[in-house]
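Input: a single structure, listed below in structure tokens.
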Amino acid sequence: MAVLFSGIKGMLFFLFLSCFCSCQPAPPLLRFSIFLDPSNMVYLRWDHDEQELMTFELQVRTTGWVAFGFSPHGELPGSDIVIGGVFPNGSIYFSVS
């Protein structure tokens, strides 16, 4: 798993894919969580249901963008990545690659 972030300043950026992107109601309590950095600025929560559908919530203190990805070998080539951010006008974007 790789987490990249830029500009650790001002705003708290929420990447909450299952709820935010699909306009579905908030998922049940996410049972697992961890800070991914020593400064406690990147916080990951996750859980899975009976069908093994996984839900993730990534909270990152940033003023720019954040990327969250999974890799079968711990490297960027061949990984699945979601990139999100906030434009200067306040609109939010997401991209999946």
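The values are calculated or read from the model by the stated rules, or taken from the named source; none is laboratory data. Source: prediction; values computed, not measured. Reconstructed Cβ throughout: ideal geometry from the backbone, glycine too, with neighbour counts over all protein chains shown. Keep in mind that these areas ignore ligands, DNA and RNA; they rest on the heavy atoms of the full protein, side chains included. Shrake-Rupley method; radii C 1.70, N 1.55, O 1.52, S 1.80 Å.
If you scan the range 75-91, which residues turn out to be open to solvent by less than 70 Å² (accessible area, probe 1.4 Å) and either among the charged types (D, E, K, R) or in contact with a strand residue (DSSP E or B) (Cβ under 8 Å, 6 or more places away or on another chain) (or both)?
Step one: filter the range 75-91 for residues open to solvent by less than 70 Å² (accessible area, probe 1.4 Å), giving 78-79, 81-86, 90-91.
Across the range 75-91, the qualifying residues are SER79, ILE81, VAL82, ILE83, GLY84, GLY85, VAL86.
Run LEU58 past the list (1) in contact with a Phe, Trp or Tyr (Cβ under 6 Å, 6 or more places away or on another chain); (2) exposed (fewer than 14 other Cβ atoms within 10 Å of the Cβ) and report the number of the one that doesn't hold.
(2)
When you scan the range 47-60, do you find a residue that is on the phi < 0 side of the Ramachandran plot, modelled with pLDDT under 85 and not in a loop (DSSP other than H, G, I, E, B), even just one? Even if it seems obvious, please write down each step before you answer.
The initial filter retains those residues of the range 47-60 that are on the phi < 0 side of the Ramachandran plot, namely 47-51, 53-60.
Pick out the ones that are also modelled with pLDDT under 85 and you get none.
No; the residues of the range 47-60 include none that is on the phi < 0 side of the Ramachandran plot, modelled with pLDDT under 85 and not in a loop (DSSP other than H, G, I, E, B).
Among the residues of the range 53-86, write down those that are within 17 Å of MET41 (Cβ to Cβ), more than 10 Å from the chain's Cα centre (by Cα) and of a type in the set (Phe, Trp, Tyr).
Matches in the range 53-86: TRP65 only.
When you check GLY69 against the structure, is it open to solvent by 50 Å² or more (accessible area, probe 1.4 Å) and within 21 Å of ILE34 (Cβ to Cβ), yes or no?
Details: open to solvent by 50 Å² or more (accessible area, probe 1.4 Å): no; within 21 Å of ILE34 (Cβ to Cβ): yes.
No; evaluated as a whole, the condition is false for this residue.
Does GLY69 satisfy being among the small types (Gly, Ala, Ser), touching a Leu at 6+ places or on another chain (Cβ under 9 Å) and in contact (Cβ under 8 Å) with a residue 60 or more places away in the chain? Step through it out loud before you land on a result.
Numbers: among the small types (Gly, Ala, Ser): yes; touching a Leu at 6+ places or on another chain (Cβ under 9 Å): yes; in contact (Cβ under 8 Å) with a residue 60 or more places away in the chain: yes.
Yes.
Based on what the data block shows, is SER22 open to solvent by less than 40 Å² (accessible area, probe 1.4 Å), modelled with pLDDT under 50, over 10 Å from the mean Cα position of the chain (by Cα) and on the phi < 0 side of the Ramachandran plot?
On the way: open to solvent by less than 40 Å² (accessible area, probe 1.4 Å): no; modelled with pLDDT under 50: yes; over 10 Å from the mean Cα position of the chain (by Cα): yes; on the phi < 0 side of the Ramachandran plot: yes.
Spelling it out, it is not the case that SER22 is open to solvent by less than 40 Å² (accessible area, probe 1.4 Å), modelled with pLDDT under 50, over 10 Å from the mean Cα position of the chain (by Cα) and on the phi < 0 side of the Ramachandran plot.
Residue under question is LEU30, and the condition is that it be hydrophobic (A, V, I, L, M, F, W, C) and in a loop (DSSP other than H, G, I, E, B); does it hold?
Details: hydrophobic (A, V, I, L, M, F, W, C): yes; in a loop (DSSP other than H, G, I, E, B): yes.
For LEU30, the condition - hydrophobic (A, V, I, L, M, F, W, C) and in a loop (DSSP other than H, G, I, E, B) - is met.
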